[in-house]
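Here's the structure we're looking at; comments come further down.
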Amino acid sequence: MLPQAEDHAEFFAQLADAVRKQNGSATVFLVQAMSPTEQETLISRFQADRAREYDEFAERSRGFLDEIAKETGLQKFTFAELEEIEDDLNKLSAWLTKIKARDFFPNARIQEASEQFETCGAALSAFAEEVYAHEGVNAPTENDAGPLDANGRKHAAKHPGRRQHG
């Protein structure tokens, strides 16, 4: 069961077609009206499912920040470490995008997760500045190409002064 939307109707049509091609049977139907209690129960179930995902996202975000704090404490300001941390942020970004796509009944949790992601991006930027300073390379400018976050904004740039390994 999903809220009524064109994308969902297409998804169910494809799913039903796939089931039928495997000699199964499928029926797709639209529920026009629900009692307020049933609707509230359904929304609560969707929100509970997303809450578990947002909780895990928050936990992984804290782990991301802990990793940066650990590497900063060790003064491990290398391009290799920066690249690894950028990859981790890209994974968080992709995951948050997926959670948001499934969040049909958003509440305050979506904003909290977005703020957590922004905090992670800011921590990465600060770590990147340290790496560039320690490596003696000019930090990239805002116009330089770099990975984008879930909203299409740059959060860090690739490493222009780094040697490529082959």
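Here, each number is a calculation from the coordinates, and none is a lab measurement. As the structure is a prediction and not an experimental result, all values here were calculated from the model. Cβ: placed from backbone, ideal geometry, glycine included. Neighbour counts: every protein chain shown.
Exactly which chymotrypsin sites (Phe, Trp or Tyr not before Pro) in region 15-94 are in a DSSP loop and have at most 15 other Cβ atoms within 10 Å? Taking region 15-94 and a limit of 15 other Cβ atoms within 10 Å, the loop chymotrypsin sites (Phe, Trp or Tyr not before Pro) found are Phe29.
Simple spin-label estimate for Thr41 and Phe11 gives 2.3 nm between the two label positions (7 Å along the Cα-to-Cβ direction from each Cα). Annotation for region 2-47 versus region 60-97: alpha-carbon center distance of 38 Å. For region 36-117, the average shadow cast by the Cα convex hull is 5.4 nm², which is a quarter of the hull's surface. Placing R0 at 45 angstrom, the Cβ-Cβ distance between Lys100 and Gln75 gives a FRET efficiency of 0.80 after rounding to 0.05.
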